[in-house]
Amino acid sequence: MQIVSSIAAMQRLAKKWQRAGTRIGFVPTMGYLHDGHLSLVKRARQAVGKNGKVVVSIYVNPTQFGPKEDLAKYPRDLKRDLKLLRELNADVVFTPSDAEMYPGLGSTESRPTSGFSTYVVEEKLSRTMEGASRPAHFRGVTTVVAKLFNIVLPDVAVFGQKDFQQAAVIKRMVADLNFPVKIVVAPTLRERDGLAMSSRNKYLDAEQRAQAVILYHALQAAKAAVKQKSISAGRMKIDLNEFTTAAPLARLDYMEFFDPETLEPVAQVKSGTQMALAVFFGKTRLIDNARL
Ligand code: AMP
(Lines give C-alpha, C1' and ligand atoms only; values in the text may rest on other atoms or scores of the structure.)
Protein backbone atom coordinates (compact mmCIF):
# COMPACT_ATOMS: atom_id res chain seq x y z
CA MET A 1 0.00 0.00 0.00
CA GLN A 2 1.37 3.35 -1.06
CA ILE A 3 0.87 6.54 0.92
CA VAL A 4 0.82 9.57 -1.35
CA SER A 5 0.63 13.12 -0.05
CA SER A 6 1.55 15.24 -3.05
CA ILE A 7 -1.21 16.15 -5.49
CA ALA A 8 1.13 15.95 -8.48
CA ALA A 9 2.35 12.47 -7.47
CA MET A 10 -1.23 11.21 -7.04
CA GLN A 11 -2.28 12.64 -10.39
CA ARG A 12 0.77 11.13 -12.13
CA LEU A 13 -0.02 7.72 -10.70
CA ALA A 14 -3.70 7.98 -11.67
CA LYS A 15 -2.80 9.05 -15.22
CA LYS A 16 -0.41 6.11 -15.54
CA TRP A 17 -3.13 3.70 -14.46
CA GLN A 18 -5.61 5.37 -16.78
CA ARG A 19 -3.25 5.00 -19.77
CA ALA A 20 -2.83 1.31 -18.92
CA GLY A 21 -6.62 0.84 -18.86
CA THR A 22 -6.61 0.04 -15.13
CA ARG A 23 -9.89 0.82 -13.40
CA ILE A 24 -9.72 3.16 -10.41
CA GLY A 25 -12.11 2.94 -7.46
CA PHE A 26 -12.15 5.81 -4.99
CA VAL A 27 -13.42 6.33 -1.42
CA PRO A 28 -13.11 9.87 -0.05
CA THR A 29 -13.06 10.07 3.77
CA MET A 30 -12.09 12.38 6.59
CA GLY A 31 -10.33 9.51 8.38
CA TYR A 32 -10.83 8.11 11.88
CA LEU A 33 -12.14 5.09 10.06
CA HIS A 34 -14.87 2.76 11.29
CA ASP A 35 -16.52 -0.29 9.76
CA GLY A 36 -18.87 1.96 7.72
CA HIS A 37 -15.88 3.47 5.90
CA LEU A 38 -14.30 0.04 5.49
CA SER A 39 -17.48 -1.30 3.88
CA LEU A 40 -17.12 1.42 1.24
CA VAL A 41 -13.53 0.35 0.58
CA LYS A 42 -14.70 -3.25 0.09
CA ARG A 43 -17.42 -2.01 -2.24
CA ALA A 44 -14.84 -0.07 -4.26
CA ARG A 45 -12.68 -3.19 -4.56
CA GLN A 46 -15.71 -5.16 -5.72
CA ALA A 47 -16.38 -2.51 -8.37
CA VAL A 48 -12.87 -2.48 -9.89
CA GLY A 49 -11.86 -6.09 -9.31
CA LYS A 50 -8.50 -7.44 -8.23
CA ASN A 51 -6.69 -5.90 -11.21
CA GLY A 52 -8.14 -2.47 -10.48
CA LYS A 53 -6.75 0.08 -8.04
CA VAL A 54 -8.49 1.27 -4.89
CA VAL A 55 -7.61 4.75 -3.63
CA VAL A 56 -8.81 6.02 -0.24
CA SER A 57 -8.34 9.69 0.60
CA ILE A 58 -8.03 10.84 4.18
CA TYR A 59 -8.50 14.57 4.36
CA VAL A 60 -10.35 16.67 6.93
CA ASN A 61 -11.60 19.28 4.50
CA PRO A 62 -11.61 22.71 6.16
CA THR A 63 -14.01 24.34 3.66
CA GLN A 64 -16.93 22.10 4.65
CA PHE A 65 -16.79 23.13 8.32
CA GLY A 66 -18.53 26.25 9.59
CA PRO A 67 -16.56 28.74 11.71
CA LYS A 68 -18.15 27.43 14.93
CA GLU A 69 -17.90 23.74 14.04
CA ASP A 70 -15.51 20.99 15.12
CA LEU A 71 -12.70 21.29 12.51
CA ALA A 72 -9.88 21.71 15.05
CA LYS A 73 -11.00 18.86 17.27
CA TYR A 74 -12.26 16.49 14.56
CA PRO A 75 -10.86 13.07 15.62
CA ARG A 76 -7.74 11.86 13.80
CA ASP A 77 -5.69 8.65 14.03
CA LEU A 78 -3.75 8.21 10.82
CA LYS A 79 -1.62 5.35 12.12
CA ARG A 80 -4.66 3.24 12.95
CA ASP A 81 -6.40 4.21 9.69
CA LEU A 82 -3.38 3.08 7.65
CA LYS A 83 -3.27 -0.25 9.48
CA LEU A 84 -6.96 -0.89 8.73
CA LEU A 85 -6.55 0.06 5.08
CA ARG A 86 -3.44 -2.11 4.70
CA GLU A 87 -5.47 -5.08 6.01
CA LEU A 88 -8.10 -4.38 3.32
CA ASN A 89 -5.48 -4.24 0.55
CA ALA A 90 -6.20 -0.66 -0.44
CA ASP A 91 -3.64 0.31 -3.11
CA VAL A 92 -3.12 3.96 -2.28
CA VAL A 93 -3.99 6.21 0.63
CA PHE A 94 -4.02 9.84 -0.47
CA THR A 95 -3.35 12.30 2.35
CA PRO A 96 -3.03 15.79 0.87
CA SER A 97 -2.11 18.83 2.96
CA ASP A 98 -4.22 21.96 3.46
CA ALA A 99 -1.35 24.00 2.03
CA GLU A 100 -1.56 22.14 -1.28
CA MET A 101 -5.34 21.74 -1.43
CA TYR A 102 -6.12 25.36 -0.54
CA PRO A 103 -3.03 27.52 -0.94
CA GLY A 104 -3.30 30.64 1.16
CA LEU A 105 -6.81 29.79 2.38
CA GLY A 106 -7.88 32.37 4.94
CA SER A 107 -5.01 34.72 4.11
CA THR A 108 -5.83 38.30 3.18
CA GLU A 109 -3.38 38.23 0.27
CA SER A 110 -5.22 39.78 -2.66
CA ARG A 111 -2.86 39.14 -5.59
CA PRO A 112 -5.00 37.26 -8.13
CA THR A 113 -2.19 34.79 -8.87
CA SER A 114 -1.92 33.45 -5.32
CA GLY A 115 -4.36 31.64 -3.07
CA PHE A 116 -7.58 29.79 -3.77
CA SER A 117 -10.82 31.32 -5.08
CA THR A 118 -12.82 28.81 -7.14
CA TYR A 119 -15.71 26.84 -5.64
CA VAL A 120 -18.25 24.37 -6.99
CA VAL A 121 -21.80 25.15 -5.85
CA GLU A 122 -24.88 22.97 -6.31
CA GLU A 123 -27.89 25.24 -6.07
CA LYS A 124 -30.95 23.10 -5.51
CA LEU A 125 -30.56 19.83 -3.60
CA SER A 126 -28.06 21.40 -1.21
CA ARG A 127 -30.42 24.10 0.08
CA THR A 128 -32.47 22.07 2.59
CA MET A 129 -31.64 20.01 5.70
CA GLU A 130 -27.82 19.85 6.11
CA GLY A 131 -27.50 22.83 3.76
CA ALA A 132 -29.96 24.90 5.79
CA SER A 133 -28.38 23.96 9.14
CA ARG A 134 -24.77 24.23 7.93
CA PRO A 135 -24.38 27.13 5.48
CA ALA A 136 -21.44 26.64 3.07
CA HIS A 137 -21.11 22.98 4.08
CA PHE A 138 -22.09 21.57 0.70
CA ARG A 139 -20.07 24.20 -1.15
CA GLY A 140 -17.04 22.77 0.68
CA VAL A 141 -18.08 19.18 -0.05
CA THR A 142 -18.70 19.66 -3.79
CA THR A 143 -15.50 21.68 -4.14
CA VAL A 144 -13.28 19.14 -2.42
CA VAL A 145 -14.89 16.17 -4.17
CA ALA A 146 -14.48 17.87 -7.57
CA LYS A 147 -10.82 18.52 -6.74
CA LEU A 148 -10.31 14.93 -5.56
CA PHE A 149 -11.96 13.56 -8.71
CA ASN A 150 -9.57 15.66 -10.82
CA ILE A 151 -6.60 14.35 -8.83
CA VAL A 152 -7.53 10.65 -8.43
CA LEU A 153 -9.32 10.26 -11.81
CA PRO A 154 -11.65 7.52 -10.53
CA ASP A 155 -13.92 5.39 -12.71
CA VAL A 156 -16.07 4.63 -9.66
CA ALA A 157 -16.45 6.52 -6.38
CA VAL A 158 -18.26 5.09 -3.37
CA PHE A 159 -20.24 7.20 -0.88
CA GLY A 160 -22.34 6.21 2.15
CA GLN A 161 -26.11 6.34 2.37
CA LYS A 162 -25.52 7.63 5.92
CA ASP A 163 -25.00 11.03 4.28
CA PHE A 164 -28.00 10.70 1.96
CA GLN A 165 -28.21 14.35 0.94
CA GLN A 166 -24.46 14.50 0.33
CA ALA A 167 -24.68 11.52 -2.04
CA ALA A 168 -27.59 13.20 -3.88
CA VAL A 169 -25.66 16.46 -4.23
CA ILE A 170 -22.54 14.64 -5.50
CA LYS A 171 -24.60 12.67 -8.03
CA ARG A 172 -26.09 15.92 -9.28
CA MET A 173 -22.66 17.58 -9.51
CA VAL A 174 -21.29 14.63 -11.48
CA ALA A 175 -24.23 14.75 -13.91
CA ASP A 176 -24.24 18.54 -14.25
CA LEU A 177 -20.48 18.92 -14.72
CA ASN A 178 -19.98 15.72 -16.76
CA PHE A 179 -17.46 14.03 -14.50
CA PRO A 180 -16.79 10.59 -16.06
CA VAL A 181 -17.29 8.91 -12.68
CA LYS A 182 -19.85 6.33 -11.64
CA ILE A 183 -21.24 7.07 -8.17
CA VAL A 184 -22.10 4.09 -5.98
CA VAL A 185 -24.07 4.66 -2.76
CA ALA A 186 -23.53 1.94 -0.13
CA PRO A 187 -25.78 1.10 2.85
CA THR A 188 -25.35 2.57 6.35
CA LEU A 189 -23.45 0.40 8.81
CA ARG A 190 -24.79 0.48 12.36
CA GLU A 191 -23.72 -0.39 15.88
CA ARG A 192 -25.48 -3.33 17.54
CA ASP A 193 -28.20 -1.10 19.01
CA GLY A 194 -28.86 0.59 15.66
CA LEU A 195 -26.86 3.82 16.06
CA ALA A 196 -25.31 4.69 12.67
CA MET A 197 -21.53 4.43 12.83
CA SER A 198 -19.87 7.84 12.70
CA SER A 199 -16.47 9.27 13.58
CA ARG A 200 -18.38 11.83 15.68
CA ASN A 201 -19.86 9.13 17.97
CA LYS A 202 -16.53 9.34 19.79
CA TYR A 203 -17.57 12.74 21.20
CA LEU A 204 -20.54 11.24 23.09
CA ASP A 205 -20.29 10.52 26.81
CA ALA A 206 -21.90 7.32 28.16
CA GLU A 207 -25.27 8.91 28.83
CA GLN A 208 -25.43 10.66 25.48
CA ARG A 209 -24.33 7.46 23.75
CA ALA A 210 -27.17 5.52 25.40
CA GLN A 211 -29.72 8.12 24.25
CA ALA A 212 -28.26 8.49 20.75
CA VAL A 213 -30.15 5.39 19.67
CA ILE A 214 -33.33 7.52 19.43
CA LEU A 215 -32.38 8.55 15.89
CA TYR A 216 -32.61 4.93 14.82
CA HIS A 217 -35.72 4.29 16.92
CA ALA A 218 -37.50 7.28 15.34
CA LEU A 219 -36.68 5.97 11.85
CA GLN A 220 -37.93 2.50 12.76
CA ALA A 221 -41.14 3.88 14.29
CA ALA A 222 -41.78 5.98 11.19
CA LYS A 223 -41.22 2.96 8.96
CA ALA A 224 -43.72 0.91 10.99
CA ALA A 225 -46.28 3.75 11.05
CA VAL A 226 -46.48 4.10 7.25
CA LYS A 227 -46.52 0.39 6.48
CA GLN A 228 -50.32 0.30 6.10
CA LYS A 229 -51.35 3.90 5.48
CA SER A 230 -49.99 7.35 4.63
CA ILE A 231 -49.76 9.96 7.39
CA SER A 232 -49.34 13.74 7.09
CA ALA A 233 -45.78 15.03 7.63
CA GLY A 234 -47.06 17.35 10.35
CA ARG A 235 -48.67 14.48 12.23
CA MET A 236 -45.49 12.37 11.92
CA LYS A 237 -43.37 15.16 13.36
CA ILE A 238 -45.69 15.49 16.35
CA ASP A 239 -45.85 11.73 16.91
CA LEU A 240 -42.08 11.23 16.59
CA ASN A 241 -41.35 14.12 18.91
CA GLU A 242 -41.87 11.65 21.77
CA PHE A 243 -38.46 10.15 20.97
CA THR A 244 -36.65 13.42 21.56
CA THR A 245 -38.66 14.25 24.68
CA ALA A 246 -37.92 10.77 26.07
CA ALA A 247 -34.19 11.51 25.64
CA PRO A 248 -33.56 14.59 27.80
CA LEU A 249 -30.05 15.12 26.40
CA ALA A 250 -31.31 15.27 22.80
CA ARG A 251 -32.14 18.49 20.96
CA LEU A 252 -33.78 18.01 17.59
CA ASP A 253 -32.23 20.13 14.82
CA TYR A 254 -34.51 18.97 12.00
CA MET A 255 -36.72 16.08 10.94
CA GLU A 256 -37.74 15.99 7.28
CA PHE A 257 -39.84 13.77 5.03
CA PHE A 258 -39.02 14.08 1.35
CA ASP A 259 -38.91 12.53 -2.09
CA PRO A 260 -35.67 10.48 -2.36
CA GLU A 261 -34.99 11.71 -5.93
CA THR A 262 -35.86 15.41 -5.79
CA LEU A 263 -35.37 15.88 -2.01
CA GLU A 264 -38.58 17.98 -2.14
CA PRO A 265 -40.54 17.79 1.14
CA VAL A 266 -43.76 15.76 0.97
CA ALA A 267 -47.07 16.63 2.63
CA GLN A 268 -48.10 12.98 2.99
CA VAL A 269 -45.58 10.45 4.31
CA LYS A 270 -45.90 6.95 2.89
CA SER A 271 -43.91 3.82 2.22
CA GLY A 272 -40.99 4.89 -0.03
CA THR A 273 -40.72 8.41 1.43
CA GLN A 274 -37.23 9.30 2.66
CA MET A 275 -36.87 10.49 6.23
CA ALA A 276 -33.82 12.30 7.63
CA LEU A 277 -33.09 13.84 10.99
CA ALA A 278 -30.33 15.68 12.82
CA VAL A 279 -30.10 15.70 16.60
CA PHE A 280 -27.71 17.52 18.92
CA PHE A 281 -26.30 15.86 22.03
CA GLY A 282 -24.47 18.74 23.67
CA LYS A 283 -22.25 20.12 20.90
CA THR A 284 -22.25 16.84 18.99
CA ARG A 285 -24.59 16.74 16.03
CA LEU A 286 -25.69 13.33 14.74
CA ILE A 287 -27.57 12.61 11.52
CA ASP A 288 -29.37 9.57 10.17
CA ASN A 289 -31.89 8.74 7.46
CA ALA A 290 -33.87 5.87 5.96
CA ARG A 291 -36.24 4.97 3.17
CA LEU A 292 -39.55 4.35 4.92
P1 AMP B 1 -16.66 10.93 6.51
O2 AMP B 1 -15.31 10.42 6.86
O3 AMP B 1 -17.58 11.09 7.67
O4 AMP B 1 -16.60 12.14 5.61
O5 AMP B 1 -17.35 9.81 5.62
C6 AMP B 1 -16.72 9.30 4.48
C7 AMP B 1 -17.69 8.42 3.73
O8 AMP B 1 -18.12 7.35 4.60
C9 AMP B 1 -18.97 9.16 3.30
O10 AMP B 1 -19.33 8.72 1.99
C11 AMP B 1 -19.97 8.71 4.33
O12 AMP B 1 -21.31 8.74 3.86
C13 AMP B 1 -19.53 7.28 4.59
N14 AMP B 1 -20.02 6.79 5.89
C15 AMP B 1 -19.98 7.44 7.07
N16 AMP B 1 -20.57 6.71 8.03
C17 AMP B 1 -21.03 5.57 7.44
C18 AMP B 1 -21.75 4.43 7.90
N19 AMP B 1 -22.13 4.29 9.16
N20 AMP B 1 -22.03 3.45 6.99
C21 AMP B 1 -21.66 3.58 5.69
N22 AMP B 1 -20.98 4.64 5.21
C23 AMP B 1 -20.67 5.62 6.07
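The values are calculated or read from the model by the stated rules, or taken from the named source; none is laboratory data. As the structure is a computational prediction, the values presented were derived from the model and not from experiment. Cβ placement follows ideal geometry from the backbone for every residue including glycine, while neighbour counts extend to all protein chains displayed. With ligands, DNA and RNA removed, areas are computed over all heavy atoms of the protein, side chains included. Shrake-Rupley method; radii C 1.70, N 1.55, O 1.52, S 1.80 Å.
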Judged on accessible area alone, 1.4 Å probe, highest first, 45, 235 line up as 235, 45
Heavy-atom accessible area of residue 271, protein chains in place, probe 1.4 angstrom, given in Å² to nearest 10, is 80
1/(1 + (r/R0)^6) with r = Cβ-Cβ of residue 132 and residue 9, R0 = 45 Å, i.e. FRET efficiency to nearest 0.05, evaluates to 0.70
Excluding ligands, DNA and RNA, the carbon-plus-sulfur percentage of the accessible area of the chain with a 1.4 Å probe reads 50
Ignoring ligands and nucleic acids, residue 238 exposes an accessible area, probe 1.4 Å, in Å² to the nearest 10, of 110
In Å, the C-alpha Rg and Dmax of segment 38-92 are 14.1, 44
To the nearest 10 degrees, the tilt of helix 214-225 (Cα long axis) against the first principal axis of the alpha carbons of the chain is 60
Computed over all unlike Cα pairs, the Kirkwood hydrodynamic radius of the chain in Å stands at 20.2
Rounded to the nearest 10 degrees, the helix 137-152 long axis (Cα) sits at an angle to the longest Cα principal axis of the chain of 30
Largest-first ranking of 98, 91 by accessible area, probe 1.4 Å, whole protein assembly kept, is 98, 91
Loop-resident GluC sites (Glu not before Pro) in segment 179-287 with no more than 13 other Cβ atoms inside 10 Å, DSSP not H/G/I/E/B, are 261
Taking the alpha-carbon centre of each part, the distance from segment 235-251 to segment 191-222 in Å is 14
Rounded to the nearest 10, the angle in degrees between the Cα long axis of helix 35-48 and the longest principal axis of the Cα atoms of the chain comes to 50
Toy charge model, Lys and Arg Cβ at +1, Asp and Glu Cβ at -1: segment 2-186 dipole around Cα centroid in debye, rounded to 20, equals 580
With every protein chain kept in place and a 1.4 Å probe, segment 89-240 has an accessible area per residue in Å² of 49
Judged on accessible area alone, 1.4 Å probe, highest first, 124, 283, 237, 171 line up as 283, 124, 171, 237
For residue 251 the rounded accessible area (nearest 10 Å², probe 1.4 Å, non-protein molecules ignored) is 130
Subtracting the Cα-Cα distance of residue 80 and residue 16 from 0.36 nm times their residue separation yields 20.1 nm
